[in-house]
Amino acid sequence: MAQTGTNLVAVAEFNVSVVLDAIRRHPTGVARGELAALTGLSGMTVSNVSRRLVEDGLVTETVMPASGRGKPPKILRLIPSGGFAVGVHIDPAVVTYVIVDLAGEVRDHIRTETPVVQDPGRVVGAMARTIEELIVSSGVERSKVLGVGIASPGPINAETGVVLNPPMLPDWHRVTLRDSLSAALRLPVVLEKDSTAAAIAERWFAGHDGARDFIFVYYGTGFATGIAIGGEVLRGVSSNAGDAGHITVDPNGPVCWCGRRGCVGNMAVPRALVERALERQVLSPGDVGRLDDVLDVGAAFGKLADAADAGNPAAIGIHAEAGRALARAVVVTANLLDVQQVVFGGPFWGRLAPVVLSVLPTAVSGDPALVLPHSIRFVESAVPVDVASVGAATLVLDQAFSPRPTTMLLASGK
C-alpha cells in the first residue's frame, strides 16, 4: 500500500519522501497523474516535488510519445546511481561492508574478521579505512555517498551511538562507534540493532506483497526479531526492541545463562545445534573444534547442515527440533503483535531453512496457544545478500527518503 502525503507547507519534506517512495516502487516508471492518485497529493504538489527530484539527480523524467489527443504523459523513473549508502554489519564472527545504490543493488562488498576491541580508536580507524577502500573499489563517486549505516548486535544506545555490551561481543563494551566513525569518515553515520536493520531492509524493498505487519526472525550467531507494525519498524524506548531470545519454548529444556530453562535463543541457535550434534554423534569432536570460538561453531554448523542435506536422519531431526522450538516462539510473538507475516533471514538461516520450513508452519497452525483469527504467511527474506548489512545501508536511505508518519506529525506540530 502506498503512503499518502499532505498538502501542508510545513511538511514539504515528508511529501518529497512520499513521492520518491512511490517512484521507487514502480521501477518501470510512473506518470505524474498516477503519482497524484497513489500519494493523495495535489497535481501541483506532485509537479513541484517531481521537478525538485529531477534537479537533484534522483529521478529522470521522459515524455512519452503522443498517442491520440491530449498532452502526452511524463514518466518518472528512479536514477539508481543518484545516491549511495554504505552498510556495515558487525557479527561476532565477521564484519560485512556493502555499498548499495538507491534501487538497493549491491555494488560491492568486503568481509573482514570481527576485531577484538582492546583499543577502540584502532578499531574505528580500521573500519574507516575499509569503508574508504570499498568506495574506491566500487567506482562510486564519494560525493554521492549519503552516509554509513551500522547494524550491531544489541544492546545499543541509539541516541548516543554507543555499542553497549552485546553478549556475543564480550570485548565490545561501550564503544562510541557512531560519532567516532563519522568523524573519521566525515560522513553521517547511523547505528541500529541488527534485527531492526533487517526489518527495515525488508520493508524498504517491499518483498512479499509489501506486508505492513510482520516479524523478521533473524537467525545468525544469535537469535532476535525485528518488528514492523502499520508499515513502520518498531524500535522501542532505547532502540533495543525485538530481543526475543528469552522466550521459553521448553520449560524442561536446558538452563540458559539467564537462569531460566528452555529459552529459544539458547535452544535453537547454531551453537546449541552443534552441541546436540556432538552429543548424538552426528559430528565428532574433530568436526566441532572449540565451542567458544564462533568461527569453529560456524564451520561445524555447516557440516551439520551438509549432513541434513545428505539425508542423515539424526541431523534432520536436530534441525526439525529447532524448527519446532522456533514455532513456539513465533506463536508467542504473533499472538502479541497480531501480524500477518513472518519473514526469516540472517547469515545462518539458509542452511537451516529447508527442514525448518517443512515443520514450522504446521507446528504454528496446530499450536493450541495460537489465538489469531487469521492465517500467517511464512516467507524467506526478499534481500538476496547479507540482510543485516544491506539493512544497515538501508538505514541511511530510510532516513533520507522513506516517508514516516511520525515525522509528519512532528513537523506539523512545529
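Among residues other than R328 whose Cβ falls under 10 Å from its Cβ, what is the net charge (Lys/Arg +1, Asp/Glu -1)? Net of charged neighbours comes to -1.
Using only the alpha carbon atoms of the stretch 238-334, find the Kirkwood hydrodynamic radius as the inverse mean reciprocal pair distance, in angstroms to one decimal.
Details: mean 1/r = 0.0712 Å⁻¹.
Roughly 14.0 Å, rounded to one decimal.
Given an 8 Å cut-off on Cα distances and at least 6 residues of separation, report the relative contact order of the chain as a percent. Present the calculation step by step, with values, prior to reporting the outcome.
Values: 816 pairs, mean separation 70.6, N = 414.
Dividing the mean separation by the residue count of the chain yields 17 percent.
Residues M44, M267, M168, arranged from fewest to most other Cβ atoms within 10 angstrom of their Cβ, appear as M44, M168, M267.
Residues in the stretch 265-278 carry Karplus couplings, in order, of x, 9, 9, 10, 7, x, 4, 4, 5, 5, 4, 5, 5, 5 Hz; the curve used is 6.51 cos²θ - 1.76 cosθ + 1.60 with θ = phi - 60°, and Gly or Pro positions show x. On C-alpha positions alone, give me the angle between the axis of helix 120-138 and the longest principal axis of the chain, in degrees, nearest 10. The angle comes out near 60 degrees.
Can you give the local net charge around P354? Use residues other than it whose beta-carbon is closer than 11 angstrom to its beta-carbon, Lys and Arg +1, Asp and Glu -1. Please report the intermediate quantities before stating the final value.
Details: positive: R351; negative: D309, E380.
For residues surrounding P354, the net value is -1.
Net charge in the neighbourhood of G33 (other residues with Cβ under 11 Å of its Cβ; Lys, Arg +1, Asp, Glu -1) is +2.
If one takes the longest principal axis of the Cα atoms in the chain, at what angle in degrees, from 0 to 90 and to the nearest 10, does the Cα axis of helix 387-401 lie? Orientation of helix 387-401: about 30 degrees from the principal axis.
Work out how much length Q281 to E380 would gain on full extension: take 0.36 nm times their residue separation and subtract the Cα-Cα distance, in nm to one decimal.
32.6 nm
Put a dot 7 Å past the Cα of L370, heading toward its Cβ, do the same for E61, and the two dots end up 5.0 nm apart.
Site pair L291 and D309 shows an inter-label distance of 2.6 nm when each label is modelled 7 Å from Cα along Cα→Cβ. Annotation for T112 and L357: the two label points, set 7 Å from Cα along the Cα-Cβ direction, are 3.4 nm apart.
Relative to the globular-protein estimate of 2.2 N^0.38 Å, the Cα radius of gyration of the chain stands at 1.05. Note on the chain: lysine pairs with Cα distance below 30 Å, sequence gap of 8 or more or different chains, count 4. Size descriptors for the stretch 208-381 (Cα atoms only): Rg and Dmax, in that order, 16.0, 49 Å.
With an 8 Å cut-off on Cα pairs and a minimum separation of 6 or more residues, tell me the relative contact order of the stretch 208-381 in percent. Relative contact order here is 24 percent.
Only the Cβ atoms of Lys and Arg (+1) and of Asp and Glu (-1) were treated as charged; on that basis the dipole of the chain about its Cα centre amounts to roughly 1040 debye. Between amide H atoms placed 1.01 Å from N, distances below 5 Å from V162 occur with N157, all of them 5 or more places distant or on a separate chain.
We did not get these values from a lab; they are worked out from the coordinates using the rules stated. Please read all numbers here as calculations on a predicted model, not as lab measurements. Here Cβ is always computed from backbone atoms with ideal geometry, including for glycine, and neighbour counts include all displayed protein chains.
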